[in-house]
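Everything on this sheet refers to the single structure shown next.
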Amino acid sequence: MILDIDMLRSFYTSYSDNVKKAKNMLCRPLTYTEKVLYSHLYDPDSIKPFKRGETYVDFRPNRVAMQDATAQMALLQFMNAGKDKVAVPASVHCDHLIRADFGADKDLSIACNANKEVYDFLRSVSQRYHIGFWAPGAGIIHQVVLENYAFPGGMMVGTDSHTPNAGGLGMVAVGVGGADAVDVLTGQPWELKMPKLIGVHLTGNLTGWASPKDVILEILGMLTVKGGTNAVFEYFGEGLHHISATGRATICNMGAELGATCSIFPFDDNTDEYLCRTDRQEVASMAEANAKELRADDEVYANPKMFFDKIIEINLNEVEPHLNGPFTPDAATPISHMRAQGAANDYPMKVEVGLVGSCTNSSYQDLARAASIARQAYQKHIPVRAQLIINPGSEQIRYTAERDGILDDFKKIGAIIMTNACGPCIGQWKRHIDNETRKNTIVTSFNRNFRRRADQNPNTYAFIGSPEMTTALAIAGRLDFNPAMDTLLDEKGNLVKLDEPHGFAFPPKGFESAPAEIGIGIDALKTNGLFIPPSEEHNSIEIAISPSSDRLQRLQPFTPWDGKDFKDMPLLIKTQGKCTTDHISMAGPWLRYRGHLENISDNLLMGAVNAFNGESNHVKNQLDGEYMEVSSAAKAYKAKGIFSIIVAEDNYGEGSSREHAAMEPRFLNVKVVLAKSFARIHETNLKKQGMLALSFINKSDYDLVMEDDRISVTGLAEMEPGSTLTVILRHKDGTQNQIQVAHTYNKTQIEWFKAGSALNFAKKKGI
């Protein structure tokens, strides 16, 4: 069964013609990224040579995907839009709220009970507005999207930063906040800054222990977490033919850690095979008919420097297995250097847990290659030194892997099979450890390793590697174990060496797609209640929200700007160092309140480091001089009708797409975030919620901000695209500094600010 087939047929009927129209208007060859972007313009007649990295462009995506933690706030906003149904195909996936604890059998039922009211809400609101609903246990959003929805040449947005995963099948797939998703769901133009284009030229072939994961880990080491901001990474070259569709998805998935808008691979035989193996032969046939335009033009490949803003050369023959970390995904270390790196930085070298899965590495191929290592441990009688945890990516993968004996390979070495969900990757891990604050090391096949992310322990050193490396290091129990060179002791004290990993890209017997009683295809998922497709009979559905709920709360519109400058705002916090969305709005136990803005606002910036005392969640309340939690100080200002301001360093808001990191300060009366620079998604989220995201023109001006400052932002009435604003820092000793700050707001975004939010503006205009 192919979902959204009518949309797909309509899309492919016109795709090649739309691309040709763009080429004729621009009078030049196009990269593959450009073909997809120009074929999705909201106004097809608005084709012109948009300036990359500067010009905002309106697009019309084909679909929207939402995970359960972010879908709550997105759909609460959509409910205020006054629409009868969504304007494009959309889906909700229940994957974030399931805690990994005992194992799949117990954890799933516990989650269904604990999160019943949230799941009931998501199910009912999905049915009411014609949205596909994937129940708990169906799988991780990005793997389910890859298996069922992703298609070459398409464009989608998703309320999760790792939505670019679908680029592995040739989509422009962009992670966004809920307000952006609402634009698409309501049929409004979706605005995106025309991205710069970074071409990644792949040559050679991966060998030995190297994997697609190591390609993106190496690129992260080269470019850092800011290296892809406002850019699309487009992969090309003969080397890509040796990377499977799911391997490509892994690379695209972690492109989010570069700050990239998205990443994309062209259509080829690997894409075609994946579509066919996942029972989408008709989609494959339609893509084949458009194959010429589902890749860059020949002139681009012949002279890529003329068409890309930057070229990165990667020889796959030279790629080495990596471990990236700790605390940031761009701290790249080839495994051959880890011994020296560990000694130099005093890393805890004992690996206590290996975790395989997440949206990044939970495909059948990932599990098969990792299982080939696990199998050697019991066949060669090698003691396993660390705990091993496995999260399959979908019910289809889990069922098929169980049928093929892959899960048994893991179980034989003591691994715990968790639910088909995100689990530890996003902090939903009930870790059983003797001391929850002691220094220790874990290795994961995940995408992020921010401090406190997996288990809330600030002293957990988390390193990112491939599934096969994660498994090998869990067996060895050492961070500096290089399986290509090093040996292990078997139970009798003999030296043994692990063989190189191997595993099929697809199950030899195929994915299960039999009837419900023996398989887990779409029809079986429907029968078993794991998938509820959109229904045309949706108008009578009642949305389940209890007025007394502490987890769900209907949204009230934010107040419009009063037309005045912001005068003498107290400094809420000046953050020091990395301040990700995890620092601004923690996940883990706080996922419980993702549908309740008032309650989740209690976690505001609790992970951020106060620049004046080096402590987290401990700031000065300027009303009484007492130190308290960030949210408590913000509430104190709000109670007195006082606005406040946040000051931060570079790449503020790195990480997740969670718009709670923008909505919480907005709810608590914060009016301005002034930073050295912003992460792309978070800056957009701030704009959507009617806040001011301002940046220091001179980054050294950050040092002028003092703890007791009262801060004014002037010139708001004259604010226009490209203008500067004046910030006045009035210090406690009576002195003051006046500095100029920049913004990136266009005319429409300025109207969002004036209206109090983008949604307010849309309703005011009757959009």
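The values are calculated or read from the model by the stated rules, or taken from the named source; none is laboratory data. Just so we're clear, the structure is a prediction, and the values are computed from it rather than from any experiment. Cβ coordinates were reconstructed from backbone atoms using ideal geometry, including for glycine residues, and neighbour counts include every protein chain displayed.
For this structure, a couple of remarks:
- Reported count of residues in the range 223-278, each being more than 20 Å from residue 157 (Cβ to Cβ), small (Gly, Ala, Ser) and either within 20 Å of the chain's Cα centre (by Cα) or buried (at least 24 other Cβ atoms within 10 Å of the Cβ) (or both), is 3.
- Condition check for residue 398: outside any loop (DSSP other than H, G, I, E, B) and basic (Lys, Arg): yes
- In the range 707-740, the residue that is farthest from residue 577 (Cα to Cα) out of those that are touching a residue at least 60 places away in the same chain (Cβ under 8 Å) and part of a loop (DSSP other than H, G, I, E, B) is 715.
- The one condition from (1) closer than 22 Å to residue 657 by Cα; (2) surrounded by fewer than 24 Cβ atoms within 10 Å (Cβ to Cβ); (3) among the hydroxyl-bearing types (Ser, Thr, Tyr) that residue 129 does not meet is (1).
- In this structure, residue 393 does satisfy being modelled with pLDDT of 95 or more and touching a His at 6+ places or on another chain (Cβ under 9 Å).
- Hey, residue 454 in a helix (DSSP H, G or I), hydrophobic (A, V, I, L, M, F, W, C) and surrounded by 24 or more Cβ atoms within 10 Å (Cβ to Cβ) or not: no
- When the test is whether a residue is of a type in the set (A, V, I, L, M), in a helix (DSSP H, G or I) and more than 26 Å from residue 258 (Cα to Cα), residue 750 passes it.
- In the range 552-609, the residues that are closer than 24 Å to residue 122 by Cα and hydrophobic (A, V, I, L, M, F, W, C): 552, 555, 558, 586, 587, 590, 591, 597, 600
- Check on residue 760, assigned to a helix (DSSP H, G or I) and polar (S, T, N, Q): yes
- Qualifying residue in the range 46-54 (condition: in a loop (DSSP other than H, G, I, E, B) and small (Gly, Ala, Ser)): yes
- Count of residues meeting criterion [assigned to a loop (DSSP other than H, G, I, E, B) and either polar (S, T, N, Q) or closer than 21 Å to residue 580 by Cα (or both)] in the range 466-489: 3
- Within the range 552-603, considering residues that are assigned to a helix (DSSP H, G or I) and among the β-branched types (Val, Ile, Thr), the one nearest to residue 668 (Cα to Cα): 600
- Of 350, 380, all but one fail to be touching an Asp or Glu at 6+ places or on another chain (Cβ under 7 Å), surrounded by fewer than 20 Cβ atoms within 10 Å (Cβ to Cβ) and touching a residue at least 24 places away in the same chain (Cβ under 8 Å); the exception is 380.
- Hits in the range 613-649 (condition: surrounded by fewer than 18 Cβ atoms within 10 Å (Cβ to Cβ), part of a loop (DSSP other than H, G, I, E, B) and not small (Gly, Ala, Ser)): 613, 615, 618, 623, 624, 626, 640, 642
- Looking only at the range 197-220, and only at residues there that are in contact with a Ser or Thr (Cβ under 8 Å, 6 or more places away or on another chain) and not hydrophobic (A, V, I, L, M, F, W, C), the one that is surrounded by the most Cβ atoms within 10 Å (Cβ to Cβ): 213
- Qualifying residue in the range 286-299 (condition: free of Cβ contacts under 8 Å to residues at least 12 places away in the same chain and either surrounded by 13 or more Cβ atoms within 10 Å (Cβ to Cβ) or in a loop (DSSP other than H, G, I, E, B) (or both)): no
- Single residue of the range 130-160 satisfying the filter (part of a strand (DSSP E or B) and closer than 11 Å to residue 64 by Cα) that is farthest from the chain's Cα centre (by Cα): 132
- Every pair of residues 6+ apart whose Cβ atoms lie under 6 Å, when the first sits in the range 440-467 and is not assigned by TED's automatic domain parsing to the domain that holds residue 654 while the second is among the aliphatic types (A, V, I, L, M) and assigned to a helix (DSSP H, G or I): 443/473; 447/254; 467/370
- Odd one out for residue 656, checked against (1) within 13 Å of residue 177 (Cα to Cα); (2) in a helix (DSSP H, G or I); (3) not basic (Lys, Arg): (2)
- Residues in the range 5-44 that are of a type in the set (A, V, I, L, M), without any contact (Cβ under 8 Å) to a residue 24 or more places away in the chain and part of a helix (DSSP H, G or I): 25, 26.
- Put simply, of 332, 287 the only residue that is over 26 Å from the mean Cα position of the chain (by Cα) and of a type outside the set (D, E, K, R) is 287.
- Restricting 246, 207 to those that are hydroxyl-bearing (Ser, Thr, Tyr) and assigned to a helix (DSSP H, G or I) reduces the list to 246.
- In summary, residue 306 fulfils each of the numbered conditions (1) under 24 Å from residue 152 (Cβ atoms); (2) free of Cβ contacts under 8 Å to residues at least 12 places away in the same chain with the single exception of condition (1).
- Hey, residue 687 crowded, with 23+ Cβ neighbours inside 10 Å and assigned by TED's automatic domain parsing to the domain that holds residue 643 or not: yes
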